[in-house]
Amino acid sequence: MSKVKKTSGTAGAFDRKEISAHIQARILAEALPNMLRYDEQTVVVKFGGHAMGDQALSDAFAQDIVYLKQSGVNPIVVHGGGPQIANMLSKLEIQSEFVNGLRVTDKPTVEVVEMVLAGRINKDIVSAINRQGGKAVGICGKDANLMVARKITQMADPTSSQLKDVDIGFVGEPLNVNPHIVDVISRSDLIPVIAPIGISPSGETLNINADTFASALAARLRAKRLLLLTDVEGVLDRNGRLISELTVAQARELIRNGTITGGMIPKIEGCIEVVEAGVEAVVIINGKVAHSVLLELLTDHGAGTLVGRRMPKATSGA
């Protein structure tokens, strides 16, 4: 009787080893083709949203970036920091208001924005990556004239879509991207971490939306992928199901027929512009999922909605 139990126990342990080996082999078989696809390719990752304020998610993100670099991928990180800026402005008793989602930025505000983005947040992300075994370097768009920008003076009225004149202070949009400094850093074993601060042709500091900054940089670099980490799952169909992949034409149709609404419209329109500028695909990723960057790039499961030039392999019904 005891002999049977012993045999059974040994078999159980053997089965567990077999299962474990099988799972590991399946993971490797799935990851290796994707690793070859991105070998020596540039991937721009915009890091922001809930993940930046969650220590576990922030550590998981840093691990992902280090693993990508060690796997032969060329990751470039652009980060946001809206909540942290808001907290600092509140502490300093500086009032803020927004126009169409962009913070009105006067001279005192832009100084705080630069301090928070290019200072504390940038160095926190650099330190997180370095703790995971990477070698990150923090810069902003002012370094080596990486991002020359102009003040935003016109914006589309959300009700009529007509352009109207606005004065939102030191808020910019990309005018000219000079990626030399990023190329120099990326060709080494270093990982660039970039704060979305730009400079005008006359030398003024300009605050740039992180999505916009990352998109302009990815387009100029003709990156393989642009990943936008957000607090949403991705694009949902009319039944609330995630749409995993979209062509540019399909994305435009979903905007036209009202499936894509609200704040997702400018995000998808931005994705379309980036793809048409030469980036193979843009992915809106749920940053609240741990290791979402690795899931998207190195597995067949994905972690959000991909907008690309080619026909998708499969999509949820819209």
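The values are calculated or read from the model by the stated rules, or taken from the named source; none is laboratory data. All values derive from a computational prediction rather than experimental measurement. Positions of Cβ are generated from backbone atoms using ideal geometry, with glycine treated the same way; all protein chains shown enter the neighbour counts. Only protein heavy atoms, including side chains, enter the accessible area calculation; ligands, DNA and RNA are left aside. Shrake-Rupley method; radii C 1.70, N 1.55, O 1.52, S 1.80 Å.
In the range 114-126 there is at least one residue matching the filter, namely being hydrophobic (A, V, I, L, M, F, W, C), farther than 17 Å from residue 87 by Cα and open to solvent by less than 80 Å² (accessible area, probe 1.4 Å).
Each row is one residue, and each column tells you yes or no for (1) out of contact with any helix residue (DSSP H, G or I) (no Cβ under 7 Å at 6 or more places or on another chain); (2) surrounded by fewer than 18 Cβ atoms within 10 Å (Cβ to Cβ); (3) at pLDDT 95 or above; (4) under 28 Å from residue 91 (Cα atoms).
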position: 128; (1), (2), (3), (4): no, no, yes, yes
position: 141; (1), (2), (3), (4): no, no, yes, yes
position: 146; (1), (2), (3), (4): no, no, yes, no
position: 161; (1), (2), (3), (4): yes, yes, no, no
position: 167; (1), (2), (3), (4): yes, yes, no, yes
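Over 23 Å from residue 120 (Cα atoms), outside any loop (DSSP other than H, G, I, E, B) and open to solvent by less than 10 Å² (accessible area, probe 1.4 Å) - does that describe any residue in the range 198-219? Taking every residue of the range 198-219 in turn, at least one turns out to be over 23 Å from residue 120 (Cα atoms), outside any loop (DSSP other than H, G, I, E, B) and open to solvent by less than 10 Å² (accessible area, probe 1.4 Å).
Candidates are the residues of the range 70-104 that are modelled with pLDDT of 90 or more and in a strand (DSSP E or B); the one that is most open to solvent (accessible area, probe 1.4 Å) is 74. Are any residues in the range 130-145 under 24 Å from residue 63 (Cα atoms) and either more than 21 Å from the chain's Cα centre (by Cα) or not in a strand (DSSP E or B) (or both), and if so, which ones? Correct list: 130, 131, 132, 133, 134, 135.
Assess whether residue 181 counts as being open to solvent by less than 50 Å² (accessible area, probe 1.4 Å), closer than 18 Å to residue 74 by Cα and modelled with pLDDT of 95 or more. Yes. When the range 184-197 is limited to residues that are closer than 24 Å to residue 270 by Cβ and out of contact with any helix residue (DSSP H, G or I) (no Cβ under 7 Å at 6 or more places or on another chain), the one that is surrounded by the most Cβ atoms within 10 Å (Cβ to Cβ) turns out to be 194. Once the range 247-263 is narrowed to residues that are surrounded by 11 or more Cβ atoms within 10 Å (Cβ to Cβ) and hydroxyl-bearing (Ser, Thr, Tyr), the residue that is nearest to residue 102 (Cα to Cα) is 259. Comparison of 232, 283, 289 shows that the only residue that is touching a residue at least 24 places away in the same chain (Cβ under 8 Å), under 13 Å from residue 304 (Cα atoms), open to solvent by 40 Å² or more (accessible area, probe 1.4 Å) and not in a helix (DSSP H, G or I) is 232.
For the range 237-246, the set of residues classified as surrounded by fewer than 18 Cβ atoms within 10 Å (Cβ to Cβ) and not in a loop (DSSP other than H, G, I, E, B) consists of 242 only. Here residue 190 meets each of (1) at pLDDT 95 or above; (2) touching a Ser or Thr at 6+ places or on another chain (Cβ under 8 Å) with one exception, condition (2).
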